[in-house]
Amino acid sequence: MGKMERGRRERRDEVTSDLIEKTIYINRVAKVVKGGRRFNFAAIVVVGDGQGQVGVGYGKANQVPDAIRKATDRARKSMVRVPLVDGTVPHLVQGHFGAAEVILRPASPGTGVIAGATVRALLDAAGYHNVLTKVLGSNNPHNVVKAVLNAFSRLESPEQYAARVNRPVEDLMDDYNVGSRVWGVGAHHHA
């Protein structure tokens with residue numbers, strides 16, 4: 001078994017059965033045994049349909065493909081629905097896990113996904129096209145992924161928010177525009 005390339009953040013994108021699969025992180029773990037070292041691999045995979053469903057899985061095995069397959073199966077089983085509004089997040093949100101903190105901020109159309117590799121993989125799989133993000137604290141992929149999932153769980157669609165404040169969605173959407181959410185400026189009404 002030759003030297004494995006040290007590019008551990010190996011990225012594989014596959015589209016099978018209309019799902020986007022992205023390998024976020026592959027870690028090689030060495031166990032020292034009598035005859036030398038025994039290597040195991042751990043993989044984090046994100047799966048999404050690009051339409052508001054996303055899941056993350058973690059798999060460990062003796063070989064990289066097996067670890068990725070296990071992680072992918074677990075990711076498919078753990079898929080959750082996230083709110084999409086015009087290809088961006090409905091409102092500014094912060095997610096925390098351990099020392100990792102992730103900020104997701106709505107962006108106007110044409111901005112693109114401004115994010116590091118780990119956060120970008122999750123946002124792409126979920127189907128977001130215009131989001132501003134920042135990772136603060138730890139940048140350990142395990143914790144960043146869980147912080148993003150935590151942020152997703154805090155997101156509310158306009159309908160969910162309307163139900164919570166007990167007002168019709170139309171009343172709330174009159175004042176809604178992405179610019180006001182991003183910059184805190186008043187909504188501009190067209191004459």
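General observations
- Across segment 48-54, coupling constants 3J(HN,Hα) worked out from phi with the 6.51/-1.76/1.60 Karplus curve, θ = phi - 60°, read x, 9, x, 10, x, 10, 8 Hz, and Gly and Pro carry x.
- Overall form of segment 61-128 per C-alpha gyration tensor (a/c, 1.5; a/b vs b/c): prolate
- Pairs over the 26 Å Cα-Cα cut-off, from the set Lys34/Lys70; Lys31/Lys70; Lys22/Lys134; Lys60/Lys146; Lys22/Lys60; Lys31/Lys77: Lys34/Lys70; Lys31/Lys77.
- Within the shell defined by Cβ-Cβ distances under 11 Å, the residues around Asn40 carry a net charge of +4, with Lys and Arg each +1 and Asp and Glu each -1.
- Over segment 26-161, relative contact order from alpha-carbon pairs under 8 Å, at least 6 apart, %: 23
- Charge sum, other residues only, whose C-beta stays under 11 Å from Val102's C-beta, Lys/Arg counted +1 and Asp/Glu -1: +3
- Annotation for segment 22-49 versus segment 118-138: alpha-carbon center distance of 23 Å.
- Ile20, Ile114, reordered so the largest accessible area comes first (probe 1.4 Å): Ile114, Ile20
The values are calculated or read from the model by the stated rules, or taken from the named source; none is laboratory data. These numbers come from a predicted model, not from an experiment. With ideal geometry, Cβ positions are generated from the backbone for all residues, glycine too; neighbour counts draw on all protein chains shown. Accessible surface is based on the protein model in full, side chains and every heavy atom, while ligands, DNA and RNA are left aside. Shrake-Rupley method; radii C 1.70, N 1.55, O 1.52, S 1.80 Å.
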